[in-house]
Every structure is written in C-alpha cells, then in structure tokens.
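Notes follow the structure.
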Amino acid sequence: MFKRVMTEIRNPIHIEFEGQTITVEKGETVAAALMLAGHGKFRESSVTREDRGPFCLMGVCFECLVEIDGTPNRQACMTLAEDGMKIRVQKAAFEETTR
Amino acid sequence: MKTHDVAIIGAGPAGMAAAIEATRNGLSTIILDENPAPGGQIYRSIETVPDQRAALLGPEYVSGRSLAADFRACSAEYVAAATVWNIDAGLQIHYSIAGKGSAQVTAGSLIIATGAIERPTPMPGWTLPGVTTAGALQVLLKAQGAINDDVVLVGSGPLLYLVADQMLKAGNAPKAIVETVPSGRLLKAARHLPKALKAFSYLRKGLSMMRRLSKAGVPVYGDTSSIVIEGTNKVEAVRFLSKGKQHRIETTGVGLHQGVIPNQQVTRLLGCEHHWNESQQCFVPALDDRFETSVEGVFVAGDGAGIGGAVSAALRGRLVAMRIAEKNGRDTWSEHRAIQAQLAQDATIRPFLETLYAPSPENMVPADDVMVCRCEEISAGQIRHAVDLGAPGPNQVKSYLRCGMGPCQGRMCGTTVATIIAEHRQKDIKEIDYYRIRPPLKPLALSELASIESEPTRHTPL
Amino acid sequence: MSTPSTADLVVIGSGIHGCSAALHAALRGLSVVVIEKDTAGRHASGVNAGGVRRLGRLLPEVPISDRSMKIWDKISNLVDDDCGFQKAPQIKVAETEDEMEAHRERVRVLNDMGFHHETILSQAELRDYLPAVSDHCIGGLASLEDGFALPYQTTFAFQRKAIKLGVRFYENTRAQKVQRDGKNWRVVTDRGTFSGTYLLNCAGAWAGNFAQQLGEYAPVEAIAPMMIVTARMPRFCNAVVGATGRPLSFKQMENGTVVIGGGLRGIASPETNVSQMLFGKLKQTADTAISIFPVMKTATIVRSWSGIEGRMPDDMPVIGRSSTEENVFHAFGFSAHGFQMGPGVGELMAELIATGETNAPIEPFNISRFTTKH
C-alpha cells in the first residue's frame, strides 16, 4: 500500500471520494491523495468497464480520469486537491460495445 | 505579429536553462508549463522538497535547486499550470489554464522542451490497478514523500535501480527486481565502455546502488521473460521466467520501466520530420547541429531531442537559446564550443547504457493477447489482423480500430503500434512511421473553444 | 516497378468514388486497375463526418442520392462489411419561422418531383426525436430513414471487396500524365505506365489537373472542412443533426463520442497533403453545437482534424463523360457531401462505362457546364 514516509500531514484539508472523507496535505494531487487513502480504482475502462487506476502520474496516460465536483474527464494526477472537493469514480459513459 | 521573441514549452531543466539564456541575451521570452511549479519530471517539486527527502533523492536531484532559483530570478514570463493545446504554422500558441480559459501568444521562435515519457510497457495484466510506471513511484516520492511498501519493479534501465535505491533509503525497499536484460548483454554493452570511462562516475554510482540493494536482501531476477501480471480487479502477483525457471511473486504493486523515449506530440503536431534512432529504439525529431527541426523556427531542447538526461538537457537548452539569440542578431554563438564539449562528455555513457538496457523484444512486439491501446482496449492481435486486411500503417489501423483515438491521443500506444506493424509487415519502421497528431494536444473543453478570441493581436494573460 | 499494365478500366483515385466504381465495374466483368497517390481513403473519403444523407440535397442530386440510399440499406451484401452503417433520422433544426417556411416549400417541391423522404417536424415532434435540443428550436426538416456510417471503414471495405473481385490497386503511385495511346488510354505514373480502354478520373481535389490535360476546364478548389470529436458522453442524441441557418453537422456515435462538423474550413495544401485547423473559425462550430445542444457545455474535445476535399464553384460534383475525349469519364468534386453518393455513383459510372449509357439523370453534373461559362 502507499504510505507517507518522513512526512506527516501539516496543512490538512478534506476531500470526499465516493462519499468517504479523506484527510490530505494541502498541495497534494488528487491522485496521490486517493492512492494514499488506499483507493486503486479511479474509473471504468471505456469498452469493457474494467477497473482502472493511475499509471504514469505525469499526465500522459489518462488512466486517472475521475469526476470532480460534477465535471468528468479530470486527470487526478494533474489536479491539486482542494478543500471540499467531491470526487467520484468515472463510469463508462454508454452501453458495452463490441467495437 | 509575434508577441514574444521566444516561446518555450516545458519548464524542466532544458526549458529553464533556455529561459535563463534567452533572457540573458535580451530576448523577450515566455515559458509555458503544465505543472504548478518548475522542474519538469526530473526535478519535480524541487522548490518545495524538504531537505531530508532531498538527501534521500540524491545530489543530482538537489543540483536542480540552483537551476530553479536562477530560473525564477530571470526575466522570462513564466506561466505555470498552462496546458498548450495547439500551435499553428505561424507559431501561434493556444494554451489553457484550468478554470480560467484560453489565451494565445505568437512566438518568433519556439523551443519544445517537453522532455520524455516512459516507454510503453505492454504485457498481460499491465492495466490492473496497482500497476504503475517506475517513474510514477518516483513522482510520489518526490512530490509527496510517499512510497508503495509492497511493490515489485519490472523491466530494465538505470531508473529501476535508482528508484529501488531511493525506496531503500526511505525505509522500504522493493520486494524484488525483475530485470529483462538478457544474459550476455553486459558483455555486448561493454564494447562501448572505453569511451565511457570518461563518465566513470555514472558507473560507480550504479554499482554502489546495486551493492546496497544486494546487501539489503532485495532479490534481483535476471534474464527474465514471459512476464505476466496476475489479478482480477487489481494486482495480486507477477509471474515470470528467469534463466529458464518459472517464478511467481505475490504483490499488490508493480512498477514497470523500459527506459524513456522522446515525447513526440508537439513535434508531430507541427509536422516536423522524425527518424528512428536505432540505438535508442525510438523516434526522435530530425535536428540540425543547432537543434532546429525541419520546421523553421522550431527547436527542440532536452530529452525530446533524444534521451540524454538532465545535465545534457540543461546544456542543450542553453545552446538552443544561444542559437536563437544569434538568429536575432546577438553575438553569443562564440561560447557554444565549450558547451558542445560538455555535451559530448556527458553523452559518452549513452552507447553503453543504450546497448545494455535496450528494451525487451516482448515489449516492442507483444503477443497477440496483450492490450496495446489501453484507452480503447485494442490488442496486438487486433492490430495485426487489421494489417492482414490491408491497413498499411498506424493511421489506417487507427481509423479502422480506434486505436490511438482515446484521450491519451496515442501517447501510450503509438510507438508499440509502429513496431508491431513494422515487424508484421517486415518493413523498415521509418517507412511505417507514426500516428498523425492533431490538435488539441490535450483534451480541451468545447465550451472553452467556444469562448476563445477569434483574431487576437496581443497576449492577454489569464 | 515500371511494367505496363493493361486493363479494361483504369481509375485514378481510391476514395469512395474510385473504389465504388472499381467494385461495380468488376461486378460487370471488367478488369480494373486503380492508381492512388497515397492510400485508399487517405483524404476526404476517410475523414469526413460519415453522414449518409439524402436530407437537404441540392435538387439535381436527389435522384442519385436516393439510388445510393438503396445500396446503403444493403451495404453488407455488397462489401461483406457493415461499414458501421446505422439507420438514423437526419434532421435540420429550424431556429426561425423563415427557416420553417423554407423547409415547407422544399417539401412541396420534392413531393412534386416524386420524392417523399423529407418531412416537416413540428416543435413537439422535434423534441420527440431530440429530447436534448435547445428550447429555442421551433421545428425542423427531417429525412427519417437516412443514417450515418464510418467513412474509413466504408472506403476500406469497398477496396477490400474490389480486390476480392480482381481489381488491382497500386497505392503510393502518383498519376502524372493521361495520354491517348491509339485506341487506349495511358496513365503515366511515378512508378510505371498503365493503360486501359477506359479511363475514370476520381482524383478528388487533384482531379482538375487531369481534366486540364484532356482539354477540359474544371475549377476544383481544394478545401479543408474542419471536424471535432469529443470524449464519450452518456447517450442523448440518436439522430444526425444540422442547423438550417448556420453550419453544423452533429451526431453521437454508437460508442458515445460526438462528431461535430459543418463545413467551416481550415487551410488545405493539396501539394503536401497537409490540412490545417483554424481554431479562430472552429470556435463558431463549438458555439453552434452548444447553442443547439446545451448539454454540450460539459463536452471535452479529444481531437480535431481536417482532410482535403475537392469543391466545385456551384457545390455540385462533376459526373459523367469527358466532354472532349472518348472513353474518358469523371466523378469528382463532391464538395463536402459526396460520401453518401459513393455507392450509387460508382454503380451508375460502371453502368455508363460498361454499356455506354445510364438512365441516372446526370446531365446537371456535366463537366462542360464550366467550359461554356469560361
């Protein structure tokens, strides 16, 4: 599991993920915050709806897409967590297809 | 009508060094970077990292502090959290800041300093939650002081050992290192060593890292292949062959790495010519000896010009800025010889590293059942089938299968699709080439496009 | 490769029109060779909006479009591929009463011509078909049995079936000169010479040069209509939508992505195969899309693109015999609305070439309409 080493939270803020409150360090990315809270699944893949989570953490892979405050397709690794943010798993947007 | 003499995309070592040099020569400079602070990937969080963590990350990392300080002090207009989404033929650059909208600048010359990305590492199970790149693990350590205490590192390249060493110093070594370098490769690479004795310090550092890991009891499996990441909804284990013997390690985390490759998105968007670098096994933009691309006024500095590392990136950044200054009538090019010499010195280790850590064949030409396009869930087999039907290259395969049409815009699959097609058609990869890259460079809100200025004449910062 | 090749028919261009004509000619027993300077469907045919549309066509095109639609309805029988074809209403949304009146007049004219595929939608009916349409839209013109398809898939499928029927394709082979060679026609390319009894010019934006070599005047303009596609969105639209008074083509694909076009143009460079986006203009497309479908406020653009299309000054294609040379034919200049016509035009061109005549009313598309004005 992901854990902090050599640091503790000094400027705590609170965000919500799927209704659950998480305490994070101000200035952390949403991705890091969720990973440190033990969450691995950030979204469903577009075609087969399998579980996906962050991969590159530098804005290249687009695996960490989550819905933040109602807006979908937000890259969690490129978004700084802000107090009161409500984050949800990004669902696949349509029925399964074979293509 | 240009708004700035020089526009730089990317505030990593190359971009920062270029900004310092350009402004030193009196060129009006704007530098756009998508992260909230400078440093790029290699010097991520360099301004805020506490000393204790910095010491763990090592002296090369710490050396980025002075570069960042000089960068902050220079007179370049620095726009952080700016996502460049289009550059047109006249070097008009559109960029967006989340929550604020889009703005435009027009550059006299453009320096692309967007660096490198991890080489895609397709293998069975690589999309399971819990699998990240080794670079991602380093991002977490640099930016958050966080590690994964249950992780197996898989692949090849100096970064693998660096990350392992940093994790060890942070108190939690990786469970194991599963290295794909085949037996006998060291001997083959050693042919390039005599020139590299000039860069002896690199080698010494590498060896002492390995010694520390060995002493800490981290098992290293060499000559591995047939790697499979197992799990239903997340990683549960990694299975592989090592020297002919089957192994299985239970784990909840995997860090993958097969080296880094130039980030081609911007150079491709601008229609620059590229060629395939056989030693680095990746596409690189075609550059003249002053790092100008085939498109006039467009330059590349840093790892985007070919993998060279942070020191080399900063040197190239300076050179490119000097070249542009010369084009703008300043007389600085006379200093370039000293910098070129340093560059050559820094590069002597490369042939050895590139030979030793060449990506595994399984990585470059994965088996049929391996998912290649993660966004649209397309397998290597589907790609080969499209080729069999008559699709000759990546763009036709893309149109036919949607491969490369997802949000990552081909960053994760482009190189693999090219190598698969080249192998399947038995053609030179230069002939196969790469996806055609179109704007926006990163997904853009439709509402933001609807509100841009149609005919801007000046740069209005957001 | 420079061995001469003989066939009954030499086609220049493997977009949808070249591939369709080649396929239909092969079905009639002709031997066919297709010369293509890039690869099949590389240009307009592979990158258009995919509208399979009879709706709103210029009146001379309606009979041919109607004929083509019958082929679309059975497309898998013809090319062994479904081409991603979906039956769907095509609807032109009206935003003013003037626009509604224009639509009513059009329906009257079409009915007089014997065509009944277009109908008027009241505001209530419009909302039935398009629940997400903006409140300010007051009705529309619809062709309920139209549809859309995947352009590259379709062109590629036509090519593959043509190959199965014996058509030989020479891609990456640039036709340079067309010359009479006794009774035959010779096409000189950068990789050899091909000759045939009949010659068909389907070279799209590049067709004007060949017409000129034949002593004909065809002022083809190379244009680059701009397109946008979004990330996947929850389903909200099952029709293909246009606006009446401003440029828009809008459809939500089966996979949830939304493809937006409308014909606003970027910059086309046919000599280099490069087409450039002009975002200052494209903003209008974005604005119109959001205006007609407010739900698009949260849409994300993943990609934009353009292609190189050939446009004629009167926005009507050139179809039919050469006006100067025997055994030479043309099918080009479809002015950003040729995709749907591809199956039908290919069929009638094969009929014309193989039998010497066709009952399809192609006189309005004659190339000489430009020469007389010249």
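Things worth noting here:
- Region B:62-88, subset free of Cβ contacts under 8 Å to residues at least 40 places away in the same chain and hydrophobic (A, V, I, L, M, F, W, C), residue surrounded by the most Cβ atoms within 10 Å (Cβ to Cβ): B:Val62
- Residue list for region C:196-210, restricted to those being farther than 30 Å from C:Ala224 by Cα and open to solvent by 20 Å² or more (accessible area, probe 1.4 Å): C:Thr197, C:Tyr198
- Of all residues in region C:62-77, those that are surrounded by 20 or more Cβ atoms within 10 Å (Cβ to Cβ) and more than 15 Å from the chain's Cα centre (by Cα) total 1.
- Spans of strands (runs of 3 or more DSSP E) in region A:33-99 with at least 2 residues more than 30 Å from B:His385 (Cα to Cα), at the interface with another protein chain (Cβ under 10 Å from one of its Cβ atoms) and open to solvent by 10 Å² or more (accessible area, probe 1.4 Å): A:71-75
- Elements of the type strands (runs of 3 or more DSSP E) sitting completely within region C:300-363 and holding at least 1 residues that are closer than 16 Å to C:Leu200 by Cα and open to solvent by 20 Å² or more (accessible area, probe 1.4 Å): these cover C:318-321.
- Any chance B:Asp369 is in contact (Cβ under 8 Å) with a residue 12 or more places away in the chain, closer than 26 Å to B:His275 by Cα and open to solvent by 10 Å² or more (accessible area, probe 1.4 Å): no
- Unmet criterion (only one of (1) within 26 Å of A:Cys64 (Cβ to Cβ); (2) free of Cβ contacts under 8 Å to residues at least 12 places away in the same chain) for B:Arg402: (2)
- Residue that is modelled with the highest pLDDT [pool: residues in region B:145-157 that are at the interface with another protein chain (Cβ under 10 Å from one of its Cβ atoms) and open to solvent by less than 20 Å² (accessible area, probe 1.4 Å)]: B:Val151
- Among the residues making up region A:37-56, those that are in contact with a strand residue (DSSP E or B) (Cβ under 7 Å, 6 or more places away or on another chain) and farther than 22 Å from C:Asn255 by Cα are A:Ala37, A:His39, A:Lys41, A:Pro54, A:Phe55, A:Cys56.
- Residue check, C:Lys92 within 24 Å of C:Ile319 (Cα to Cα), out of contact with any Pro (no Cβ under 7 Å at 6 or more places or on another chain) and open to solvent by 50 Å² or more (accessible area, probe 1.4 Å): no
- Matching residues in region C:262-288 - criterion: being part of a helix (DSSP H, G or I) and within 7 Å of chain B (Cβ to nearest Cβ): C:Phe279, C:Gly280, C:Leu282, C:Lys283, C:Ala286, C:Asp287
- Filter pass, C:Ser291 being assigned to a strand (DSSP E or B) and either within 14 Å of chain A (Cβ to nearest Cβ) or crowded, with 16+ Cβ neighbours inside 10 Å (or both): no
- Qualifying residue in region B:26-35 (condition: buried (at least 20 other Cβ atoms within 10 Å of the Cβ), closer than 30 Å to B:Leu444 by Cβ, aliphatic (A, V, I, L, M) and more than 23 Å from the chain's Cα centre (by Cα)): yes
- Every residue from region B:373-390 that is hydrophobic (A, V, I, L, M, F, W, C), more than 7 Å from every other protein chain (Cβ to nearest Cβ), more than 20 Å from B:Lys442 (Cβ to Cβ) and free of Cβ contacts under 8 Å to residues at least 60 places away in the same chain: B:Ile378, B:Ile383, B:Ala386, B:Val387
- Where strands (runs of 3 or more DSSP E) fall entirely within region C:117-187, those with at least 3 residues that are buried (at least 24 other Cβ atoms within 10 Å of the Cβ) are at C:139-148.
- Of all residues in region B:109-122 being in a loop (DSSP other than H, G, I, E, B) and within 13 Å of chain A (Cβ to nearest Cβ), the one that is farthest from the chain's Cα centre (by Cα): B:Pro122
- Elements of type strands (runs of 3 or more DSSP E) contained in region B:1-105, each with 1 or more residues being more than 30 Å from C:Trp305 (Cβ to Cβ) and away from chain A (no Cβ under 14 Å): B:4-9, B:29-32, B:77-79
- Single condition B:Asn395 does not satisfy, out of (1) more than 8 Å from chain C (Cβ to nearest Cβ); (2) closer than 28 Å to C:Thr155 by Cβ; (3) not in a helix (DSSP H, G or I): (3)
- Listed by position, the strands (runs of 3 or more DSSP E) inside region B:199-282 whose residues that are more than 22 Å from B:Gly115 (Cβ to Cβ) number at least 2 are B:224-230, B:237-242, B:245-250.
- Counting only helices (runs of 4 or more DSSP H) that sit completely within region C:1-86, those holding 1 or more residues that are among the acidic types (Asp, Glu) and in contact (Cβ under 8 Å) with a residue 12 or more places away in the chain correspond to C:62-72.
- Elements of type helices (runs of 4 or more DSSP H) contained in region B:299-365, each with 2 or more residues being hydrophobic (A, V, I, L, M, F, W, C): B:310-327, B:336-347, B:350-356
A quick yes/no check of all residues on (1) over 28 Å from B:Leu56 (Cα atoms); (2) modelled with pLDDT of 90 or more; (3) within 14 Å of chain A (Cβ to nearest Cβ):
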| position | (1), (2), (3) |
| --- | --- |
| B:Thr180 | no, yes, no |
| B:Arg185 | yes, yes, no |
| B:Lys195 | yes, no, no |
| B:Lys198 | no, no, no |
| B:Leu203 | no, no, no |
| B:Gly217 | no, yes, no |
| B:Tyr221 | no, yes, no |
| B:Glu230 | yes, yes, no |
| B:His247 | yes, yes, no |
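- Hits in region B:283-309 (condition: surrounded by fewer than 24 Cβ atoms within 10 Å (Cβ to Cβ), within 15 Å of the chain's Cα centre (by Cα) and in contact (Cβ under 8 Å) with a residue 24 or more places away in the chain): B:Phe283, B:Gly306, B:Gly308, B:Gly309
- Residue that is nearest to the other protein chains (Cβ to nearest Cβ) [pool: residues in region B:429-440 that are open to solvent by 10 Å² or more (accessible area, probe 1.4 Å) and touching a residue at least 60 places away in the same chain (Cβ under 8 Å)]: B:Arg438
- The set of residues in region B:366-386 being assigned to a helix (DSSP H, G or I) and not polar (S, T, N, Q) consists of B:Ala380, B:Gly381, B:Ile383, B:Arg384, B:His385, B:Ala386.
- Evaluated against (1) away from chain A (no Cβ under 14 Å); (2) open to solvent by 10 Å² or more (accessible area, probe 1.4 Å), B:Asp165 falls short on exactly one condition, (2).
- C:Asp80 satisfies every condition listed in (1) more than 30 Å from C:Glu254 (Cα to Cα); (2) touching a helix residue (DSSP H, G or I) at 6+ places or on another chain (Cβ under 9 Å); (3) of a type in the set (D, E, K, R) except (1).
The values are calculated or read from the model by the stated rules, or taken from the named source; none is laboratory data. In this text, all values refer to a predicted model and were calculated from it rather than measured experimentally. Don't worry about glycine lacking a Cβ; one is built from the backbone with ideal geometry, like all the others, and counts go over all protein chains shown. Please note that ligands, DNA and RNA were not included when accessible areas were found on the heavy atoms of the full protein model with its side chains. Shrake-Rupley method; radii C 1.70, N 1.55, O 1.52, S 1.80 Å.
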